[in-house]
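This report concerns only the one structure given below.
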Amino acid sequence: MPYLHTHWRIIGKLFFFILFLSLLQITLSYTFVYQTSLQQVGKKLKDLTIRIEKDLTYKNGKWDTSRYNSDPFTPYPNGSSGFPNPLYIVTNDGFIIERSQPIKGILDTSDYNHLIKFNTPQTIDTVTNESWRILSRPIINNHVALGVVVVSYYNPDKYQVEDIDRKLEENLVSIFSSLSVENNKINTQGLDIRNIHYEYSFEVVDKYNNVLLNNGRVPTFIDPSYFSKEIELSGERSVYDTKSKQQYYIVSRVITSSSSPIGIILTGELIDPIGKTLRSYVLFSLGISIIIIIPLVLFTILILLRNGANTGDNKANQKNIITKITFNKKDNILYMNERPYLIPYASHQYYICNALLSQPDKKWEYDQLLEKIGDNNEQINTRKVYDAVLAINKRINYKLIEYRNKVFFINPDIRKHIVKP
């Protein structure tokens with residue numbers, strides 16, 4: 001249908017405009033929810049770092065962690081605590097007070113040369129005034145040391161040392177039985193921490209100081225340069241685990257004494273679920289938007305189909321607003337807004353134009369116009385006047401002459417624009 005074809009551009013613009021609004025709404029909603037979620041995560045992590053800082057006391061080069069160890073919101077000092085999120089506490093000389101659920105690529109090294117020294121069970125005291133029983137064993141493949149496994153126990157009772165040492169050895173054996181070596185690299189995927197006694201902590205470290213697996217606290221050191229780097233990056237930021245590629249949001253807080261940094265607290269939370277949920281929301285919203293847009297466009301087409309003819313007439317009328325009408329009898333030309341239309345001379349159309357336009361306010365009976373065209377036999381020529389009027393209106397593509405109740409007259413809307421030559 002011609003009038004529908006003329007509206008395809010409008011329909012297309014309507015479709016893309018609604019689609020643009022939907023995409024804008026989805027984008028703004030995504031951004032708002034994502035940023036709000038990060039703010040909430042950031043606030044929770046900042047509150048935790050402030051709480052931990054208040055739990056710790058530093059005096060004369062020693063740390064008092066008794067309040068921290070008793071805090072229900074921090075990891076249990078020994079073995080598996082079930083603490084879900086990454087948490088680090090590192091001193092300025094590189095001692096690891098806490099490293100729970102570490103993120104690969106963030107403060108995830110240990111001093112291999114320090115850990116390899118505990119080939120027999122030993123009790124050591126640390127800068128946190130804590131006592132640890134510790135045992136380590138190198139990982140050897142083809143007579144080459146590839147790494148070390150270290151197992152530790154917090155605050156050993158001197159009357160139970162023999163039993164503690166036995167369990168240290170048992171856990172060490174269990175860990176080794178789960179490790180494998182592939183291409184001179186240590187593989188920890190077969191190690192299930194549920195098989196390790198929950199009161200014992202352990203770490204698997206390769207010879208390049210990389211922590212391959214960690215569970216609980218182990219009294220160890222990290223290169224102080226990493227501490228300095230984290231001081232520079234302190235605050236809030238997003239990071240990716242270099243192994244799992246999962247995204248975390250982390251907050252770090254510097255602990256100072258006499259305006260000098262003496263330690264740093266770093267907490268984090270996995271935010272991959274937020275991104276995955278929002279991506280699902282985007283796909284769902286796009287689907288819903290398309291489902292809504294298509295029926296809306298179809299409904300628009302239906303409306304245009306129903307009202308196309310009227311729309312076409314209105315559009316034509318808007319384009320052809322009549323401001324001046326003149327009939328030149330001598331040249332037999334009808335002018336509509338200075339546009340000429342040739343009326344055949346001495347034709348029925350010619351005589352009717354001459355009659356009606358010479359007296360535009362008059363209403364003409366059928367027989368009067370029949371007389372004007374030179375025929376007064378009504379019974380034989382019942383359609384001559386009517387056909388001539390239709391021919392005039394069709395010729396100029398405008399309803400110049402109207403017919404109602406056997407009376408012919410000029411369209412009342414344009415009578416005032418008729419100018420006699």
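FYI, it's all coordinate maths here, none of it is from the lab. On a predicted model such as this, the values are computed, not experimentally measured, just so you know. Using ideal geometry, Cβ is built from the backbone for each residue, glycine included, and neighbour counts are taken over all protein chains shown.
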Against the 2.2 N^0.38 Å rule of thumb, the C-alpha Rg of region 325-417 sits at a ratio of 1.00
Using modelled backbone amide H atoms (1.01 Å from N, in-plane), which distant-in-sequence or interchain residues come within less than 5 Å of residue 128's amide H?
63
Treating only Lys and Arg (+1) and Asp and Glu (-1) as charged, each at its beta carbon, one finds that region 69-168 has a dipole about its Cα centre, in Debye to the nearest 20, of 340 debye
May I ask for the distance between the Cα centers of region 53-131 and region 154-210, given as a whole number of Å?
17 Å
Rank-order 345-352, 119-126 by packing density, defined as the average count of other C-beta atoms within 10 Å over each peptide's residues, highest first.
345-352, 119-126
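If each residue of separation counts as 0.36 nm, what is the full-extension length gain between residue 397 and residue 330 once their alpha-carbon separation is subtracted?
Working: separation 67, 0.36 × 67 = 24.12 nm, distance 2.27 nm.
Here the answer is 21.8 nm.
Suppose every Lys and Arg Cβ carries +1 and every Asp and Glu Cβ carries -1, with no other charges. What dipole size does region 325-417 come out with about its Cα centre, to the nearest 20 debye?
On the way: 15 positive and 11 negative charges, 50 e Å.
About 240 debye.
Anything in the chain that counts as a DSSP H helix reaching 20 Å or more along its axis (C-alpha) with Kyte-Doolittle mean of at least 0.5? List them, would you?
On the way: long enough: 8-55 (70 Å, 0.44); 161-178 (26 Å, -0.22); 272-319 (61 Å, 0.68).
Membrane-span-like by this rule: 272-319.
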Give me 202, 221 sorted ascending by neighbouring Cβ count inside 10 Å, so fewest comes first.
221, 202
Suppose each label sits 7 Å from its Cα in the direction of the beta carbon; what would the residue 25-residue 404 distance come out to in nanometres?
4.7 nm
Amide H of residue 255 versus every other amide H placed in the peptide plane: which residues, excluding those fewer than 5 positions away on the same chain, fall under 5 Å?
262, 263, 264, 265
Using the number of other C-beta atoms within 10 angstrom as an exposure proxy, rank 270, 233 with the fewest first.
233, 270
Using a basic spin-label model with each label point 7 Å from the Cα along Cα→Cβ, how many nm lie between residue 257 and residue 71?
1.7 nm
Among 224, 248, 419, whose Cα projects farthest towards the positive end of the dipole of the chain, with charges put on the beta-carbon of Lys, Arg (+1) and Asp, Glu (-1)?
419
Which one is right for this structure if Kirkwood radius over Cα pairs in Å is calculated from it: (i) 29.9; (ii) 30.9; (iii) 22.4?
(i)
What residues have an amide H closer than 5 Å to that of residue 95, excluding those fewer than 5 places away on the same chain, when H is modeled at 1.01 Å from N in the peptide plane?
222
Helix-only mean residue ellipticity at 222 nm, the chain, DSSP H runs n ≥ 4 weighted -39,500 (n - 2.57), per residue, nearest 500. What is it?
-13500 deg cm²/dmol
Just name one of 58, 114, 132: the one whose Cα is farthest towards the positive end of the charge dipole of region 56-270 (beta-carbon charges, Lys/Arg +1, Asp/Glu -1).
114
Residue by residue, what Karplus-based ³J(HN,Hα) values in Hz, rounded to whole numbers, does region 106-118 have, using 6.51, -1.76 and 1.60 with θ = phi - 60° and x for Gly and Pro?
10, 6, 10, 10, 9, 7, 4, 5, 6, 6, 5, 6, 8
Of the residues 20, 141, 175, the Cα lying farthest along the dipole of the chain towards its positive end, which is defined by charges on the beta carbon of Lys, Arg, Asp and Glu, belongs to 20
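Please get the size of the charge dipole for the chain, origin at its Cα centre, with Cβ charges of +1 on Lys and Arg and -1 on Asp and Glu, quoted in debye to the nearest 20.
On the way: 49 positive and 41 negative charges, 678 e Å.
Its charge dipole is roughly 3260 debye.
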What is the sum of charges, Lys and Arg at +1 and Asp and Glu at -1, for the other residues whose Cβ falls under 12 Å from the Cβ of residue 241?
+1
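Among 109, 31, what is the fewest-to-most ranking by other Cβ atoms within 10 Å? Mind showing how you got there, number by number?
Numbers: 109 19, 31 11.
With the sparsest Cβ surroundings first, the list reads 31, 109.
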Karplus-derived 3J(HN,Hα) from phi for region 130-136 (6.51 cos²θ - 1.76 cosθ + 1.60, θ = phi - 60°), whole Hz, x at Gly and Pro, runs 10, 10, 10, 9, 9, 9, 9
